[in-house]
Amino acid sequence: MDKILGNLHNTLIAGLVLAVILFLVLHLGNVGEGVFWSMIFRWMHTFFGVLWIGLLYYFNFVQIPNMPKIPDEQKPAISKVIAPAALFFFRWAAALTVLMGLIIALQNGYIVEGLTFQSPFVVIGIGMWLGLVMAFNVWFIIWPNQKKALGMVEADADAKKKAARIAMLTSRINTLLSIPMLYCMIGQGQIPV
């Protein structure tokens, strides 16, 4: 058991194997059909979405509020090790969440309707746009500024401080947007528009 749970990669592989077994047991007759692949992409969309938003909430509920409490000599453990690793999974989870969501919309024939707010896809369309804005923020505002703030690229002390503030505020914007975005994602089909 320690060989599986003691190693993150082994744990993830074991979880994937269990999921595949479950998919096959429950849907063996549907493998190869559109419904099966739609379900696979929904599952991946949800997995990457949970990873993305989970890390967003980790940054905003745990790391950012507690950084001032950490003694200066211990901060490099966060800024040089933990934050870069978390930001790697954060930005790639954002990209893969969006990609899987767009594939789902394309598969189900509502990508144009969703992105242009046509009925009955207004709710999911709002959720899609909120997700796209959030992913844009991750890749084009938060990540470039975090690289400066964490010293991954050259920047003087003032530039680092300014970059850290921009990254934090944009992360807070994403936290704010995540709440209605999640509402829209689960609300599609449940809310008459």
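Tally up the residues in the stretch 184-193 that are surrounded by 15 or more Cβ atoms within 10 Å (Cβ to Cβ) and either in a helix (DSSP H, G or I) or free of Cβ contacts under 8 Å to residues at least 12 places away in the same chain (or both), please. Residues flagged as surrounded by 15 or more Cβ atoms within 10 Å (Cβ to Cβ) and either in a helix (DSSP H, G or I) or free of Cβ contacts under 8 Å to residues at least 12 places away in the same chain (or both) within the stretch 184-193 amount to 3.
With the structure loaded, tell me whether Met44 is surrounded by 16 or more Cβ atoms within 10 Å (Cβ to Cβ), over 12 Å from the mean Cα position of the chain (by Cα) and hydrophobic (A, V, I, L, M, F, W, C) or whether it fails that test. Judged against the criteria, Met44 is not a match. In this structure, does Ile124 turn out to be hydrophobic (A, V, I, L, M, F, W, C), over 29 Å from Lys75 (Cβ atoms) and touching a residue at least 40 places away in the same chain (Cβ under 8 Å)? Here the answer is yes, as Ile124 does meet what is asked. Among the residues of the stretch 132-177, those that are part of a helix (DSSP H, G or I) and among the β-branched types (Val, Ile, Thr) comprise Val133, Val138, Ile141, Ile142, Ile166, Thr170, Ile173, Thr175.
Pairing residues of the stretch 70-98 that are within 14 Å of Met152 (Cα to Cα) and assigned by TED's automatic domain parsing to the domain that holds Leu150 with residues that are of a type in the set (S, T, N, Q) and assigned to a helix (DSSP H, G or I), at Cβ distances under 6 Å and at least 6 apart in sequence or on separate chains, gives Leu87/Gln146.
The values are calculated or read from the model by the stated rules, or taken from the named source; none is laboratory data. A quick note: this is a predicted structure, and the numbers were derived from the prediction, not measured. Note that we place each Cβ from the backbone using ideal geometry, even for glycine, and neighbour counts take in every protein chain shown.
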